[in-house]
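The values are calculated or read from the model by the stated rules, or taken from the named source; none is laboratory data. Owing to the predicted nature of the structure, the values given are computational and were not obtained by experimental measurement. A quick note on method: Cβ atoms are made from the backbone with ideal geometry, for glycine too, and the neighbour counts reach across all protein chains shown. These accessible areas exclude ligands, DNA and RNA; they are computed on the full protein's heavy atoms, side chains included. Shrake-Rupley method; radii C 1.70, N 1.55, O 1.52, S 1.80 Å.
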Amino acid sequence: MKINALVAHDAAQPLVSGQVSLRALQKQDVKIEILYCGVCHSDLHMARNEWAVSEYPLVPGHEIVGRVVEAGDEASHFKPGDIVGVGVMVDSCRECHFCKHHEEQYCEAGFTATYNGIDKYTGDRTRGGYAQSIIVDQHFVVSVPQNLPLAGVAPLLCAGVTVWSPLRHFNVKAGDRVGVVGLGGLGHMAVKLASAMGAEVTLFTTSPGKGDDARRLGAKQVVVSRDAAQMASCQTSLDFIIDCVAAPHDLDPYLATLKTNGRLVLVGIPDQPHNSPNITPMVFRRLSISGSSIGSIQETQEMLNFCGKHNITAEVETIGGEDIEAAFARMLKGDVKYRFVIDMQATRW
Ligand code: NAP
Ligand code: ZN
Ligand code: ZN
């Protein structure tokens, strides 16, 4: 079956409307009519082949919210009409240590990405959420709380869980002093989620104009990272930092803001490496630098339930699919407030 989608045909060309095929519904699958799909910076990295792994034609999109329209014979968790989400993974080996312990994102065989992965049934590349429909194994589908506006839910499926997972894994708790670097899609969710957990949030931004928004979203302090005096004012004050920047930058000024035993978690994946950090302050204050990859299906459901309870969604600007290139261009300038979301029903294919 063919569906409409936004397709990248190579790294240098804009995305265009086209048709792609859906795999046949398997017993464990659900077919989802996509209502909204968030525009993650990873989609831009992938459309432009900035990580040198893209295979074309490529259909980006891994922040998917939609309605179940069909369920396979053994897909008993969902029924037609259910509102569901799909994030960055659509399959994994299910047998390794990590799959068996609800950490599919670290599957030893590598998880199957929602797009540009290999579909085990067809051998073809998986295609993502910038499309009318998707077919996904029910294990990789989550339930969406009924009280939340759906356009704002879509970005939770990647941006939300990517910051939720390290906040939970490293036991960030009420009263902790948490830094967030970069107020974009991931960063604004980190500000919202960490402050809802009771942490005291400091936002580091390169954009002085985002200060009021950051405070409205929950930040207690806003620090313009290019201002040395502002950076100096928060030395050795934070327990934990989550760095959500999509471009290479110097990590040392952020390490300087951590207290003894502090941790800097990197979730941004720039196309070029950051400078190597200075080891000396790491040694003398027992600092750690960690990475973190998205979040598990279980964590995604927990995060959605938490968002339902606390009425948290992303701040979104909805667009039609035909505006995707303009959205990418604004994203590159850091001019996103704070996630573009494609409205599939408003899209002119
Ligand atoms: P985004 O919405 O474009 O936000 C990135 C923010 O970084 C910008 O808004 C900007 O905030 C800040 N920034 C500072 N200098 C920048 C520069 N030179 N170029 C671009 N941004 C700059 O991106 P996102 O969707 O949140 O994604 C952020 C990164 O996380 C991307 O690299 C993405 O691929 C990666 N990612 C990783 C995972 C994972 O599993 N680890 C999951 C999803 C995404 P200020 O204006 O406040 O400075
Ligand atoms: Zn993403
Ligand atoms: Zn596995």
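Carbon and sulfur: what percent of region 157-286's accessible surface (1.4 Å probe)? Could you put the intermediate results ahead of the total?
Numbers: 2730 of 5410 Å².
Roughly 50 percent of what the probe reaches on region 157-286 is carbon or sulfur.
Just want to confirm a number: the relative contact order over region 149-215, from Cα pairs under 8 angstrom separated by 6+ residues, in percent.
33
Using Cα centres only, tell me the gap between region 168-230 and region 1-75 in whole Å.
What the calculation gives is 31 Å, centre to centre.
Could you tell me whether region 35-190 comes out rounded, prolate or oblate from its Cα gyration tensor? Rule is a ≥ b ≥ c as square roots of the eigenvalues, rounded for a/c under 1.5, then prolate if a/b exceeds b/c, otherwise oblate.
In terms of gyration-tensor shape, rounded.
Where in region 268-289 does the amide nitrogen come within less than 12 Å of the point 7 Å from the Cα of residue 252, taken along Cα to Cβ?
Counting only backbone N, you get 275-282.
Skip the ligands, DNA and RNA, and give the accessible area per residue of region 292-349 with a 1.4 Å probe, whole Å².
It amounts to 44 Å² per residue over region 292-349.
At most 15 other Cβ atoms within 10 Å plus a DSSP loop assignment makes a site exposed; report the longest stretch of the chain without any exposed GluC sites (Glu not before Pro).
That would be 109-349.
Can you give me the distance in nm between label points at residue 271 and residue 17, each placed 7 Å from the Cα along the Cα-to-Cβ direction?
Label at residue 271, label at residue 17, 2.8 nm between them.
For the chain, what is the charge dipole size about the Cα centre, in debye to the nearest 20, if Lys and Arg each add +1 at the Cβ and Asp and Glu each add -1 at the Cβ?
Here the size comes out at about 800 debye.
For a label point 7 Å from the Cα of residue 146 along Cα→C-beta, name the residues of region 278-305 whose backbone N is under 16 Å from it.
What the label zone holds, given the 16 Å backbone N cut-off, is 305.
For region 177-260, what are Rg and Dmax over the alpha carbons, in angstrom?
Values for region 177-260 (Cα only, Rg and Dmax): 11.4, 31 Å.
With each label point set 7 Å from Cα along the Cα-Cβ vector, what nm distance links residue 1 and residue 333?
4.1
Counting only heavy atoms of protein chains, what accessible area per residue, in Å², does region 156-257 have with a probe of 1.4 Å?
With the other protein chains kept in place, region 156-257 gives 35 Å² per residue.
Top to bottom by accessible area (1.4 Å), largest first, where do 260, 347 land?
Correct descending sequence by accessible area is 260, 347.
Can you flag which of 192/309; 192/259; 210/309; 27/120; 27/79; 173/259 are past 21 Å Cα-Cα?
Too far apart for the 21 Å limit: 192/259; 210/309.
Within the chain, what percent of beta bridges assigned by DSSP are antiparallel, to the nearest 5? Let's see the in-between values first.
On the way: 32 of 58 bridges.
In the chain, approximately 55 percent of DSSP beta bridges are antiparallel ones.
Is it possible to state the helix-based mean residue ellipticity at 222 nm for the chain, with each DSSP H run of 4+ residues giving -39500 (n - 2.57), the sum divided by total residues, to the nearest 500 deg cm²/dmol? What is it? Walk me through the numbers before you get to the answer.
Working: 11 runs with 83 residues, N = 349.
-6000 deg cm²/dmol, from helical runs alone.
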